[in-house]
Structure formats: C-alpha cells, structure tokens
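S.K.: Pasting a structure below so you can have a look.
The values are calculated or read from the model by the stated rules, or taken from the named source; none is laboratory data. All values reported here derive from a predicted model rather than from experimental measurement. Counting neighbours? That spans all protein chains shown, and the Cβs are built from the backbone with ideal geometry, glycine included. The protein model used for the area step is the full one, side chains on, heavy atoms only, and it has no ligands, DNA or RNA in it. Shrake-Rupley method; radii C 1.70, N 1.55, O 1.52, S 1.80 Å.
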Amino acid sequence: MSIARTPERLQLPESLRDQLLDFRRRVWSIKTAEAVSASAFGVVMAFLLMFAVDRMWDTPGWVRTTLFVAAAVGCALVPYALHRWVWRNRRLEQLARLLAKKHPRIGDQLLGVIELAQNDAEQARSRALCEAAIRQVAEDARKRDFRDAVPRPRHRRWAVMLAVPSAIAVALFVFVPAAASNAAARLLMPWRDTPRYTFAAVRPLPEKLVVAHGEPFAVAATLADGTVWHPERGTARLGDQPAVAAKLDGGHYDFSLPAQIDAGRLRVRIGDATQAVRVEPKLRPELTAIVADVTLPDYLGRPEVQRKDVRGGAIALVKGSKATFAATATRDLSSAKVDGQASTPAGPTVTSPAIAVDGPRTVEFRWQDEFGLAGKEPFTLAVAGRDDEP
C-alpha cells in the first residue's frame with residue numbers, strides 16, 4: 001500500500017530571494033548610517049555650541065540643560081531608526097511593501113508571490129499556476145535594480161554635514177584639550193556646578209564690594225598663575241553705565257570707576273573670563289563720641305576716675321594725670337590704630353592705652369569698619385599738660 005506524499009511548499013527562487021536580501025542589507029546599512037551620522041551631528045553641534053558660549057560668558061545651567069536634552073534627543077534617533085528600518089523591515093513581505101513605495105507595480109507583484117509561496121491552499125488548488133506566477137515575477141525582478149528604492153537616502157548628506165564640525169571638535173581636543181574637556185563635562189553633566197575653563201585665568205573677585213558713598217573707587221583684577229592668555233585690555237561695566245577699560249600692568253588690571261550712590265552689579269571681563277561683583281555704596285564710618293577717662297595725680301587725693309567729653313578735639317589736664325581715650329564710630333570696627341599702633345576695637349569703640357600727661361602731645365585715631373571702609377580723615381586729639389594751681 002503506497003502513501004501519498006504531500007508536495008513541498010513552493011519557495012521563492014534563489015535569485016529573487018538574494019535580490020530582496022541585498023535590498024534589505026542596503027536599507028539597513030543606509031538608514032543606520034544616516035541615523036548614526038545625524039545623532040553624532042547633534043551631539044557634536046551641542047558640544048561646539050557649549051564651547052563657543054563658554055568663551056563669551058559662564059553658560060547658565062538652563063542653557064547647558066537645553067543643550068544636553070538636544071544632544072540626548074539626537075542620540076535617540078539611533079534606536080528609533082533601528083526599530084523603523086531594521087526591525088520593521090526584516091521579513092520578505094515587509095521588504096515588498098517598502099519596495100512598493102518606489103516601484104508600486106513590482107512591489108505589489110512581489111507581495112503577491114510571497115503570499116502565494118506561503119499559502120498552502122492556493123498551491124494545492126493550482127500549483128502549476130503558482131509556480132508560473134513566481135517564475136514570471138522573478139524574471140521581471142531580475143531586470144530591475146532595487147538599490148534606488150531606499151526611501152530618501154540622506155546618509156551622504158549627513159556624513160558631509162558631520163565632517164566639518166567633527167574636524168573642528170577633534171582640533172579643539174588636540175590643541176586646547178583642557179578647554180574642550182571642560183566644555184564636554186559641562187555639557188554631559190549640566191546638573192553639576194563644574195567651573196568654566198577660561199584661557200584668561202583671573203583670580204576670584206569678592207562677591208560683594210562695599211565702596212565709599214559718592215566717592216570714586218578702584219577695583220583691581222589679577223591674572224592667576226599659569227594663565228594661558230594675557231589680554232592687553234580688560235573692561236568693567238557697572239550696570240548700564242559706559243564700560244571702563246584698563247591695560248595690563250604687571251599682571252594687574254586697575255579699573256578706576258566713578259562715584260556711586262546706588263547699589264549695582266559690576267561685570268568685569270578680561271579676555272574670555274567674566275566675573276560679577278555686587279557693589280554697595282555706604283557712608284564712611286564717622287566718630288560719634290570721644291571720651292577721656294582721667295585719673296588725677298595721687299597727691300590730690302581724688303582716686304575716682306573722671307570722664308570728660310572731648311569731641312572738640314582738645315583737652316587740658318593736670319600734669320601727672322593718666323588718661324585713656326575711647327572713640328566710638330557709627331558702626332562696628334574691624335581694625336584701628338592709635339598713634340600708629342594697632343589697637344583691637346570692641347564693637348564700634350577703640351580705646352587708647354593709658355597715657356601719662358606731662359606736657360603737650362597729640363593722640364591720633366585711625367579706624368576701619370567691618371566693610372573695609374576707613375574714616376575719611378584720621379582724628380587727632382590735642383592733649384595739653386598744665387601745672388596745678390593753688
């Protein structure tokens with residue numbers, strides 16, 4: 001008894017299958033190269049923008065975050081392209097549909113014979129017709145070149161667009177590696193407070209500068225050791241006022257600025273280095289009280305200490321007396337000098353050492369407040385020694 005053998009399912013001709021697989025490889029390679037080039041272009045351009053903006057000023061965090069997001073979106077093109085052009089075009093029927101967008105007739109024919117090759121019912125009904133249809137489509141396909149059917153190939157354009165910025169980026173890493181690495185770190189980690197690299201390295205200025213109210217003042221900026229760039233000039237601009245320029249002199253830039261009565265922000269630019277300082281004008285500390293604590297000679301039999309107001313700047317005391325003088329300013333003092341000798345103030349008050357009165361002399365006070373402002377002029381107290389009277 002013989003057993004009926006089921007005929008094998010029809011297969012696409014080897015030539016047709018090779019054509020479709022070659023078309024698939026071309027689609028995969030072109031679209032992958034296109035996505036990688038576009039993604040790399042986005043990342044490189046974000047880096048170059050970061051580098052360029054950092055040369056002008058300290059790029060704020062929100063700008064760095066924006067560039068980071070733009071670079072991340074560019075990188076996302078690669079997995080998107082792999083899904084769209086590789087995963088969704090891996091089977092023969094998917095390739096036939098893709099071909100149909102460029103060559104509708106041959107694409108539809110290929111899709112039809114692929115379905116025939118997979119349809120057992122149609123083959124069982126008329127296997128000879130199915131074989132003839134597959135052979136006919138294979139013959140038609142052999143006369144065609146599927147290489148031009150890749151949808152909108154832009155890999156060459158993206159490669160050309162990528163070449164120039166990539167060459168610039170490579171040159172930056174070769175010739176200025178410190179600046180390029182700094183820009184890359186600030187781009188890739190915008191949430192970190194990475195200090196900006198500048199070719200002109202300037203020592204940090206104070207965040208706040210208190211100046212004398214209504215008086216011209218000076219600000220000095222100094223280049224740091226190891227600076228790469230030594231600009232000939234620097235500028236300082238206070239608010240919307242005209243910029244003041246200063247020339248390099250022994251590693252310093254001395255800016256002479258006009259008198260101010262209102263607080264403002266001073267922006268100092270030296271080469272690609274910028275710093276901002278808040279300027280606060282304040283009145284100079286003035287003396288509000290000066291008193292003398294006097295101890296009379298022992299022979300007078302008056303041991304108690306006598307306090308005298310000497311705001312007038314002169315006092316006459318019996319010879320042999322001892323006196324200390326205390327000057328009180330309008331605000332707390334950071335340092336003071338009495339007759340050129342340092343004296344530690346107590347809040348707003350500075351006290352002289354005990355002075356023996358034996359003839360005419362002067363006592364000079366100099367003081368500086370907690371903001372670094374000194375009195376406009378030193379205060380000089382005249383002390384006269386007089387003989388005791390009957």
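S.K.: Excluding VAL63 itself, what net charge comes from residues whose Cβ is under 13 Å from its Cβ, given Lys and Arg +1 and Asp and Glu -1? Can you show the working numbers first?
M.R.: Working: positive: ARG64, ARG186, ARG196; negative: ASP54, ASP58.
That works out to +1.
S.K.: Another one. Show me, for segment 63-76, the HN-Hα J-couplings you get by feeding each phi into the Karplus relation (A = 6.51, B = -1.76, C = 1.60, θ = phi - 60°), rounded to Hz, glycine and proline as x.
M.R.: Running phi through 6.51 cos²θ - 1.76 cosθ + 1.60 with θ = phi - 60° gives 5, 4, 5, 4, 5, 5, 5, 4, 5, 5, 4, x, 5, 5 Hz.
S.K.: Work out the length of the dipole vector of segment 228-365 about its Cα centre, built from +1 on the beta-carbon of each Lys and Arg and -1 on the beta-carbon of each Asp and Glu, and round it to the nearest 20 debye.
M.R.: Details: 18 positive and 16 negative charges, 34 e Å.
About 160 debye.
S.K.: For segment 155-266, what does the accessible surface come to per residue with a 1.4 Å probe? Please give it in Å². Provide the component values of the computation, followed by the final result.
M.R.: Values: 6680 Å² over 112 residues.
About 60 Å² of surface per residue is accessible.
S.K.: On to the next question. Take every Cα-Cα pair in segment 195-262 and report what % of them are more than 17 Å apart. Walk me through the intermediate numbers first.
M.R.: Details: 1080 of 2278 pairs.
Roughly 47 percent, once rounded to a whole number.
S.K.: Just list whichever of LYS282/LYS308; LYS282/LYS337; LYS247/LYS376 have alpha carbons separated by over 27 Å in the model shown.
M.R.: LYS282/LYS308; LYS247/LYS376
S.K.: Once you sort the root eigenvalues of the Cα gyration tensor of segment 242-390 as a ≥ b ≥ c, which label holds: rounded (a/c under 1.5), prolate (a/b larger than b/c) or oblate (the other case)? Mind dumping the intermediate values first?
M.R.: Working: a/c = 3.78, a/b = 3.18, b/c = 1.19.
Because a/c hits 1.5 or more and a/b exceeds b/c, segment 242-390 counts as prolate.
S.K.: Cβ under 13 Å from ALA81's Cβ, ALA81 left aside: what net charge do those residues give with Lys, Arg +1 and Asp, Glu -1?
M.R.: Working: positive: LYS31, ARG84, ARG88, ARG152, ARG154; negative: GLU34.
Once positives and negatives cancel, what remains is +4.
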